[in-house]
1. Do the alpha carbons of any pairs in 53/193; 109/262; 53/402; 73/328; 109/152; 275/402 sit beyond 26 Å of each other, and which pairs?
2. Answer rounded, prolate or oblate for the stretch 285-391, using the Cα gyration tensor with square roots of eigenvalues a ≥ b ≥ c: rounded when a/c is under 1.5, else prolate when a/b is larger than b/c, else oblate.
3. Mind giving me the FRET efficiency for residue 427 and residue 395? R0 is 45 Å, r the Cβ-Cβ distance, nearest 0.05 is fine.
4. Counting Lys and Arg as +1 and Asp and Glu as -1, what is the net charge of the other residues whose Cβ lies under 11 Å from the Cβ of residue 122?
5. Ranked highest first by average number of other Cβ atoms within 10 Å, how do 184-190, 116-122 line up?
6. Mind sorting 426, 157, 414 by how few other Cβ atoms lie within 10 Å of their own Cβ, fewest first?
7. Please compute the contact order of the stretch 364-405 in relative form: average sequence separation of alpha-carbon pairs under 8 Å and at least six residues apart, divided by the residue count, as a percent.
8. Where Lys and Arg each count +1 and Asp and Glu each count -1, what net charge lies around residue 398 among other residues with Cβ under 11 Å from its Cβ?
Amino acid sequence: MLTFLGQPSRYCDGISRRGFLKVGAFTFGSAAALSLPDILRAESLAGRSSSQKAVINIFLGGGPPHQDMWDIKVDAPREIRGEFDPIATNVAGIEIGECFPRIASMMDKFVAIRSVVGCDGAHDGFQCLTGWARNSISSVGGRPSIGSVAGKVFGPTDPGVPPSVALCERTQHVPWSEPGGAGFLGSAFQAFKPQGEGTSDMKLNGIDLNRLQDRKSLLHGLDQLKRDVDATGMLRGMDAFSEAAFGVLTSSRLVDALDLSKEDPKVRERYGDGKPYLYQYDGAPTCNEHLLIARRLVEVGVRSVTLTFGRWDSHGQNFQLVRDHGSKLDQCVSALVRDLDERGMLNDVTVAVWGEFGRTPRINPGAGRDHWPQVSCALLAGGGMRTGQVIGSTNRLGEYAKDRPVHVQEVVGTIYRNLGIDPMTTTLKDPTGRPQYLVDKREPITELV
């Protein structure tokens, strides 16, 4: 069996690097190996589309403090307001936190939602990637992520490019590495996780492309795959799906997208690298370059890219953390949106920046803020939405949604709508044959449509 180069380190889901990608068992983020031809076959059955709509879902693992970012409470007492002042944006009447001057300068490209409700309080990204609590219909496999649904509905834009990619850095608190599972759709629709350096896992182990084209070497390397396939009766020898599997391995599109050495140095400088990685602890690094890789991935046809940026669980030193994480987020998110706009991609690509819940209005004795699922926030851009506005508000102390509560599922439904999937009518059958709606019959955010 042909395997790939890589060190035997562990991934965020416990799968070894050395065993991650195999020609006969190309694992898409699941402990259960599934042959790549089977994955491509499932995508074919789902149908392909030429649509270039995409989403970049940036998860702020740990729970970002809404009142220190997009909703500064100027009238609140000091023990609630905190250390930050609001700054004006390029949209009259809209102010955001002082740590985000770049975003403020192009607020007309963004939407700040100050009243996100419906957070279940779990310390992971599941709701931000599916719209549902993790235990929803768990008996039949659970809810699929946005990327998995897009892969099921549309299939890949190119046989050599997976529909969904997760730039999932390993975190000690494993749920913050949430890649977006396929749920009841099954392993064929899992997100592809390149991991780490990315390209080292996608090089053939000791076999160059010339040798790969040699029929004898190819048949030898595929021997186990052919036996597995023949045993199921699904294929006879080398069919079109096996050829497509090798298309993934030999195509340069995905490998090139992950290789930042091919990017314009001036563009890389605009994004920054997010170093040094401070306040990381058991969470994700502030890897600004992941946002640049995300742009490169959607540019080659990936429909959904998920990533976790930073570790926002600020029970202590909240304001130092926000100064560090916030300034880095400000740089890379503004660079991403500007980059997409300059390339004519912004109307087709939705950017979502949010976390699993908000943080307490009252500052604790450690200068931190604790968990607060009562209300949270989100920053959106692109996707053909009506940007340059703020949606919703909280009360004077930032305790709860005062005007226009926006449910988590409304945000997810809006992302589906931007992808070209109607969340109000589209259903997918679970393993029992029962049709399941993508969200619980919640309209996309009407202010954005």
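Computed from the coordinates by the stated procedures, all read-outs in this text should not be read as laboratory data. The shown structure was predicted, so the numbers you read here are calculated from the model rather than taken from an experiment. Virtual Cβ from ideal backbone geometry, glycine too; neighbours counted across all protein chains shown.
1. 109/262; 53/402; 109/152; 275/402
2. Since a/c reaches 1.5 and a/b is larger than b/c, the shape of the stretch 285-391 is classed as prolate.
3. Using R0 = 45 Å, I get an efficiency of 0.75.
4. Net charge around residue 122: -3.
5. The peptides rank, most packed first, as 184-190, 116-122.
6. 426, 157, 414
7. Dividing the mean separation by the residue count of the stretch 364-405 yields 30 percent.
8. Every neighbour counted, the sum reads +4.
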